[in-house]
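The structure appears right after this line, and notes come after that.
The values are calculated or read from the model by the stated rules, or taken from the named source; none is laboratory data. Quick caveat, the model's predicted, so the values are computed rather than measured. Counting neighbours? That spans all protein chains shown, and the Cβs are built from the backbone with ideal geometry, glycine included. Quick note on the areas: whole protein, heavy atoms, side chains included, nothing else; ligands and nucleic acids left out. Shrake-Rupley method; radii C 1.70, N 1.55, O 1.52, S 1.80 Å.
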Amino acid sequence: MFLLFAKGKRPTIGDIKEFAANSPSVSLVHDPSAGAPIRLASDHGETVAEDGSGARLAHEGSWVELLREGLAFDLDGLAPGDGFAVPEVEHLFDLQEQPGPARFEALHLTPGHHLAGGERAMPVAKGLIALACDLVQHFSGIEAVAWPPARSASSRQYFESVVTAWLGGGPFPALGLTAFRQTFDGALQSVGLDFWLDQELRIEPPLSTDKVASTRLGVRLINQLVIVGGVEGSERIVAPDGSRLVLRPSRNGKFIRVWRE
């Protein structure tokens, strides 16, 4: 996850120490800034071998490890070190224009190395998003949050609102942590749901003809699918308008197809 700041406004390690000291749920567990050697890291923040292709030098003083509810996360790109470039996004939520490198630079928040391989487990992903929300609430300089699996960017206000509701037991933020796009054949297809389920949702025409109504349906379905963990066989449900719908995995298992019975 990327936290977007106006250029020159990224926090320092001292600012993060203050954040952790004032947070009831977050603690600073590793601060490698004092006289530490440099490490090699990829442009996406992963540690790589010294001869790793595409690696960049990153001073240890530009990142910290934070602990939230027993899970550790790395926050990289702190000032005065180099920030991260803004990732490419296609789907905007409560943003008037595309956030770009001319105005913004980013911090990169990732699961700690001991969680490698478990990044998509719900407790880990939810913990990372909760920590991002904590940071948004503390640092007024965060102007937007980018979520690469959905190629989305949300304003700080929108992100805080939908994530706080979800963490409090409300619906999954389908508009933000996933997105929707129209396919060439007129279907409405989710973007980024495969991060959570290994499947994307595909609402078939003519059910997808009304984009507003089909998006609302998609939001409801994604919330339910995240709860139950996807679809393995054919299922029938009743839509909000009372019509009967069929949900069935595609032959390759990558999509959950939805159409009116």
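Going by the alpha-carbon gyration tensor, a ≥ b ≥ c the square roots of its eigenvalues, is segment 125-214 rounded (a/c under 1.5) or, if a/c is not under 1.5, prolate (a/b greater than b/c) versus oblate? Because a/c hits 1.5 or more and a/b exceeds b/c, segment 125-214 counts as prolate. Each 10 Å bin from zero up to the one holding the largest Cα-Cα distance in the chain carries the following percent of pairs: 7, 28, 32, 20, 10, 3, 0. Over all other residues within a Cβ to Cβ distance under 10 Å of Glu105, the charged ones net out to +3, with Lys and Arg as +1 and Asp and Glu as -1. Computed over the chain, the per-residue total of -39500 (n - 2.57) for DSSP H runs of n ≥ 4 gives a 222 nm mean residue ellipticity of -7500 deg cm²/dmol, rounded to 500. As a length-normalised measure over Cα pairs under 8 Å and 6 or more apart, the relative contact order of the chain settles at 15 percent. Our coupling estimate for segment 192-207, obtained by passing each phi through the Karplus curve with A = 6.51, B = -1.76, C = 1.60 and θ = phi - 60°, is x, 5, 5, 4, 8, 10, 6, 9, 9, 8, 9, 8, 7, x, x, 4 Hz, Gly and Pro reported as x. Most tightly packed first, judged by the mean number of other beta-carbon atoms within 10 Å of their residues, the peptides 115-125, 201-211 read 201-211, 115-125. Short-range pairs are left out: with C-alpha atoms under 8 Å and at least six residues apart, the relative contact order of segment 184-261 is 30 percent. Over the chain, with every protein chain in place, what whole percent of the accessible area is carbon and sulfur at 1.4 Å, could you tell me? Of the solvent-accessible surface of the chain, carbon and sulfur hold 51 percent.
Modelled spin-label separation between Asp15 and Arg151, with each label point placed 7 Å from Cα along the Cα-to-Cβ direction: 3.0 nm. The charge dipole of segment 214-261, taken about the Cα centre with unit charges on the Cβ atoms of Lys, Arg (+1) and Asp, Glu (-1), comes to about 160 debye, rounded to the nearest 20. Rounded if a/c is under 1.5, else prolate if a/b beats b/c, else oblate: with a ≥ b ≥ c from the C-alpha gyration tensor eigenvalues square-rooted, which is segment 167-231? Prolate shape, in that a/c is at least 1.5 and a/b is the bigger ratio. Near the amide H of Val89, within less than 5 Å, lie no amide hydrogens of residues on another chain or at least 5 residues away, with H placed in the peptide plane.
If only the Cβ of Lys and Arg carry +1 and only the Cβ of Asp and Glu carry -1, the dipole of the chain around its Cα centre is close to 900 debye. Rolling a 1.4 angstrom probe over the protein heavy atoms with all chains in place gives segment 63-136 an accessible area of 44 Å² per residue. The Cα atoms of segment 117-176 give a gyration tensor whose axes a ≥ b ≥ c have a/c under 1.5, which makes the shape rounded. Mean sequence separation of contacting Cα pairs (under 8 Å, at least six apart), scaled by the length of segment 84-205, corresponds to a relative contact order of 23 percent.
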